[in-house]
1. For the stretch 35-148, what is Rg from Cα atoms divided by 2.2 N^0.38 Å, rounded to two decimals?
2. Need one number: nm distance between label points at Val159 and Lys53, each 7 Å from Cα along Cα→Cβ, rounded to one decimal.
3. If Rh is defined by the Kirkwood formula over all Cα pairs and Rg also comes from Cα, what ratio Rg/Rh do you get for the stretch 63-128?
4. Are any of the pairs Lys125/Lys150; Lys125/Lys188; Lys58/Lys125 more than 22 Å apart by Cα-Cα distance, and if so, which?
5. Where does each of Tyr145, Tyr89 land when they are ranked from fewest to most other beta-carbon atoms within 10 angstrom?
6. For the stretch 33-91, rounded, prolate or oblate, judged on the Cα gyration tensor with a ≥ b ≥ c (square roots of eigenvalues), a/c < 1.5 rounded, else prolate if a/b > b/c?
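Since every read-out is calculated from the coordinates, none of them should be taken as a lab result. In this text the structure is predicted, and so the values were computed from the model without any measurement. Positions of Cβ are generated from backbone atoms using ideal geometry, with glycine treated the same way; all protein chains shown enter the neighbour counts.
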Amino acid sequence: MIAKGANTGQFSVKTDRRVITLDVQRIDQVERFEPSDYYITCQAGMNLSQVHKILSEKKLHFPFLEADALGTVGGMVATGQIIADGGCYNIARLVLALRVIMANGELIKAGAVTYKSVAGYDLPKLFCGSFGTLGVIASAALRVYPEGSKPFGKDMLPVSPRLPILTEIGRITAPSDRTGEIALRIKKSFDPKGLFPAITGWNG
């Protein structure tokens, strides 16, 4: 299964079976917007340019998001990155909470919009950059900032854009290295039937 948004990015899928495409472009609304608490929750199919417009009206902004940005909220979160000013930036730290459709059809919630919700695993960061291989992003709560201010740290530095090579989970044998084996076990725990592809490599 592959989620389809605005088709502004491309990556390869290596499989000989039929691929189910889930179009999320019609779920494109703001679910909640709290300017005073500096977060906005948007459905996955919402265009990034529309998010920029809504935030600008309240003199807020999402880091690196430009007025003419292409793509959707779901696509940005699934890739874990955003393209701006000719550079690519990680956005995982700016995603507070997610609603995700799992392989069995269950809708789960991960993360929280409050600063002190630190108990348990930080699942939003796990889904960010997973390119839809663990589940389909339904909505995301994004941390926003007043105009003129921005977060700090290494995420403010540009990185190389990542594009995955995907294959069927059932065709993968456990990698010899310990890290790869753990990653494969995590993948199978989210998607035991191999409904979603698995990431087996990157574009260098």
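1. Numbers: Rg = 13.5 Å, N = 114, 2.2 N^0.38 = 13.3 Å.
The value comes to 1.01.
2. 3.0 nm
3. On the way: Rg = 13.3 Å, Rh = 13.1 Å.
Computed over Cα atoms, the ratio is 1.01.
4. Long pairs (Cα-Cα over 22 Å): Lys58/Lys125.
5. Details: Tyr145 15, Tyr89 19.
Ordered from fewest to most neighbouring Cβ atoms within 10 Å, Tyr145, Tyr89 come out as Tyr145, Tyr89.
6. Values: a/c = 1.67, a/b = 1.39, b/c = 1.20.
Because a/c hits 1.5 or more and a/b exceeds b/c, the stretch 33-91 counts as prolate.
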